[in-house]
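No lab work stands behind these numbers, since they all come straight from the coordinates. Since the model is a prediction, treat every value here as computed from it, not as a measurement. Virtual Cβ from ideal backbone geometry, glycine too; neighbours counted across all protein chains shown.
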Ligand SMILES: [Zn+2]
């Protein structure tokens with residue numbers, strides 16, 4: 001059992017302890033360096049044994065009571081029953097302090113867990129059955145939770161409860177700006193909401209801003225004094241306004257219907273656009289804005305204003321740009337100016353560099369050397385196109401006919417199409433622009449390796465390969481690529497050209513190699529399949545399902561999720 005460092009029972013528990021002074025000191029230190037909620041998962045886990053024991057009310061087993069910095073008083077009761085074999089934080093804590101790890105859920109579809117040998121907790125709870133749990137052995141965790149709760153209620157030592165992470169939230173502010181709270185106070189009727197027909201309540205245009213810390217609206221009689229919508233007598237308006245967090249919780253709904261002057265939005269328009277496909281933001285939004293947005297969504301759903309249950313389908317948390325290991329900030333004076341970089345290397349080099357330096361979910365450590373590398377790479381591409389463009393301007397497009405191709409031509413076109421396919425995958429699935437750029441750099445190297453190109457590769461294929469190189473670069477270096485495009489004689493604008501999709505003849509030319517893909521069912525390796533590189537997910541699933549080593553584990557069950565890492569892995573999750 002682990003208690004929060006601020007748990008009120010602690011002083012009583014430490015009373016009479018032979019090393020009380022030492023423990024009190026540890027406790028004081030732990031309270032001082034309290035861990036923030038958002039850092040809980042990653043912070044170093046620290047704790048100590050109180051010397052006291054609790055009785056497990058389910059079986060009267062004596063269990064040691066510890067204090068841990070990762071247990072919060074405000075979450076639950078500030079006391080948690082440690083389940084190290086099945087929870088990441090508990091596992092780290094118990095391994096660090098050499099506490100026993102007891103397996104209480106055994107996986108259904110894998111070798112039995114041995115506590116001493118575990119290197120990570122087994123937390124796919126639903127894929128297991130209870131063990132070492134007395135009368136609850138053999139139940140699924142969901143069944144066990146219901147039965148254990150009933151048992152606790154029956155014996156009178158516990159009850160079921162739903163835990164909400166959203167804390168109470170005071171939304172009013174004594175400010176002029178902000179959305180007025182649409183209620184009036186009537187001496188006779190009390191608090192009366194402003195009727196829909198009188199909405200929105202508008203702020204007075206000229207409040208007195210005294211700078212004295214009082215509410216400016218309260219000092220504006222023409223705003224405050226009004227009549228009661230219920231009885232018609234004199235009444236006072238609410239003079240607090242809403243916190244800006246209120247607006248940020250729902251403003252994006254208004255984007256669907258910005259000119260509506262009768263309502264916040266038309267539900268049918270919101271139903272057409274929502275939920276938001278993709279949210280991109282910093283981790284700092286995760287505990288406030290995103291929670292409030294979800295809360296607001298659920299309130300509006302309960303009021304029948306919307307029909308969806310979640311406002312956002314996917315969240316992507318991007319990393320930060322660091323310099324010298326810390327976030328760039330004006331106060332630290334470690335900011336690299338975008339204009340300065342643009343003047344020195346060009347804006348597109350800056351774009352390419354920020355995408356190349358790290359995948360978007362990771363922090364990026366700024367490096368002057370690396371931006372220079374990107375600049376040199378773009379120069380290499382420019383020289384290549386500059387050299388070949390004059391002879392290719394009037395050349396038509398290639399018909400993808402592989403007949404009569406030289407070895408060099410075949411190799412070059414294979415690499416180009418392969419790069420095209422992989423870059424597209426990086427864009428669409430993983431957003432790993434850094435690996436996409438690395439592939440384009442490789443393609444450029446391959447082209448250089450065949451120089452002088454004009455002696456070995458016919459003009460149509462040269463033009464095709466340079467076209468692909470230019471198009472693949474375009475999302476990262478739009479202006480630079482547009483220039484190359486024009487140099488090669490295209491007069492219709494690269495911005496206007498569709499993204500290159502591999503068509504049948506090209507797929508054939510790109511296909512050269514076989515890869516071995518690992519096939520898993522519920523995260524356990526069941527076999528490997530030799531397939532052609534770049535195989536599509538759907539195709540691979542069909543092939544995998546046809547294999548006995550897969551089908552025997554699926555055994556008629558429904559595939560609820562599939563995890564696909566191109567050319568490497570397919571994991572089929574069945575329920
Ligand atoms: Zn009234």
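For the chain, what's the radius of gyration and Dmax over Cα atoms, in angstrom?
Every Cα atom of the chain included, Rg and Dmax give 32.0, 96 Å.
Hey, what angle do you get for helix 368-392 against the long axis of the chain, alpha-carbon based, 0 to 90 degrees rounded to 10?
In the chain, helix 368-392 runs at an angle near 40 degrees to the longest axis.
In whole percent, what relative contact order does the chain give with Cα contacts below 8 Å and a gap of six or more residues? The partial results should precede the final answer.
Numbers: 786 pairs, mean separation 37.5, N = 575.
So the answer I get is 7 percent.
For the chain, find the longest principal axis of its Cα atoms and tell me its angle to the long axis of helix 478-487, 0 to 90°, nearest 10.
Approximately 10 degrees, to the nearest 10.
For the chain, what is the percent of antiparallel DSSP beta bridges, rounded to the nearest 5?
Numbers: 39 of 51 bridges.
Taking every DSSP beta bridge within the chain, about 75 percent pair in antiparallel fashion.
Sort out for me the Cα centre separation of the stretch 327-388 from the stretch 76-132, rounded to whole Å.
One Cα centre to the other: 45 Å.
What is the stretch 2-125's relative contact order, in percent, from Cα pairs under 8 angstrom and six or more apart in sequence?
Working: 156 pairs, mean separation 31.3, N = 124.
The value is 25 percent.
When only Cα pairs under 8 Å and 6 or more residues apart are kept, what is the percent relative contact order across the stretch 246-318?
Details: 82 pairs, mean separation 28.6, N = 73.
With pairs under 8 Å counted, the relative contact order is 39 percent.
Sort 401, 123 by Cβ crowding within 10 Å, fewest neighbours at the top. Walk me through the numbers before you get to the answer.
Working: 401 10, 123 15.
By the 10 Å Cβ count, ascending: 401, 123.
Compute the long axis of helix 347-357 from its Cα atoms, compare it with the longest principal axis of the Cα atoms of the chain, and write down the angle in degrees, 0 to 90, nearest 10.
Between the helix axis and the principal axis of the chain, the angle is about 70 degrees.
Kirkwood Rh over Cα pairs of the stretch 514-574 into Stokes-Einstein at 4 °C, 1.567 mPa s: D in µm²/s? Walk me through the numbers before you get to the answer.
Values: Rh = 11.2 Å.
Roughly 116 µm²/s, to the nearest whole number.
Among 119, 349, rank each residue by its count of other Cβ atoms within 10 Å, from fewest to most, as a rough exposure measure.
Details: 119 6, 349 23.
Listed from fewest to most nearby Cβ atoms, that is 119, 349.
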